[in-house]
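> Dumping the structure here so I can ask a few things about it.
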């Protein structure tokens, strides 16, 4: 039993997240490793873009929901006011609040855009760093 455990402990693991170069010193397709990394980087950037679009959609839909609720409130307020002056004040307040909401939302979108651009730049920077390190390792080897 101890011999079997010792054998398992010294046997190299066969599970890898990325296959390394073959031990014989020759690779059938030396560019395949780089190609795989390029594809993985492209998929990563596409996933990031998808997540960014979903964040924009969530923000947009939340804003539209709020504005629709305010439209319903406007209709209720207009029906409830017996005087013309009340209606004028209701509409003026509604327009003031709407303008304020749109300005606030524009700020949120600008912040979100800045954050997403920063994240994308970080991803590209990390991929470039990894590529440079891989080239350096292959140059030394």
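The values are calculated or read from the model by the stated rules, or taken from the named source; none is laboratory data. If you're wondering where the values come from, they're calculated on a predicted model, not measured in any experiment. Neighbour counts run over all protein chains shown; Cβ positions are idealised from the backbone, glycine included.
> Can you report the number of residues in the stretch 17-49 which are surrounded by 10 or more Cβ atoms within 10 Å (Cβ to Cβ) and either outside any loop (DSSP other than H, G, I, E, B) or modelled with pLDDT of 55 or more (or both)? First the steps, then the outcome.
Step one: filter the stretch 17-49 for residues surrounded by 10 or more Cβ atoms within 10 Å (Cβ to Cβ), giving 21, 27, 30, 32-49.
Subset that is either outside any loop (DSSP other than H, G, I, E, B) or modelled with pLDDT of 55 or more (or both): 30, 32-49.
Residues meeting the conditions: 19.
One line per residue, one yes/no per condition, for (1) out of contact with any helix residue (DSSP H, G or I) (no Cβ under 8 Å at 6 or more places or on another chain); (2) under 30 Å from residue 76 (Cα atoms); (3) in contact (Cβ under 8 Å) with a residue 40 or more places away in the chain; (4) not in a helix (DSSP H, G or I):
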| residue | (1), (2), (3), (4) |
| --- | --- |
| 105 | no, yes, yes, no |
| 110 | yes, no, no, no |
| 115 | yes, no, no, no |
| 128 | yes, no, no, no |
| 134 | no, no, yes, no |
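> Does residue 75 count as out of contact with any strand residue (DSSP E or B) (no Cβ under 8 Å at 6 or more places or on another chain), assigned to a helix (DSSP H, G or I) and modelled with pLDDT under 95? Reasoning before the result, please.
Working: out of contact with any strand residue (DSSP E or B) (no Cβ under 8 Å at 6 or more places or on another chain): yes; assigned to a helix (DSSP H, G or I): yes; modelled with pLDDT under 95: yes.
In short, yes.
> Looking for whichever is over 37 Å from the mean Cα position of the chain (by Cα), surrounded by 10 or more Cβ atoms within 10 Å (Cβ to Cβ) and on the phi < 0 side of the Ramachandran plot here; the options are 98, 87. Which one fits?
Working: 98 fails: over 37 Å from the mean Cα position of the chain (by Cα).
Residue meeting the stated conditions: 87.
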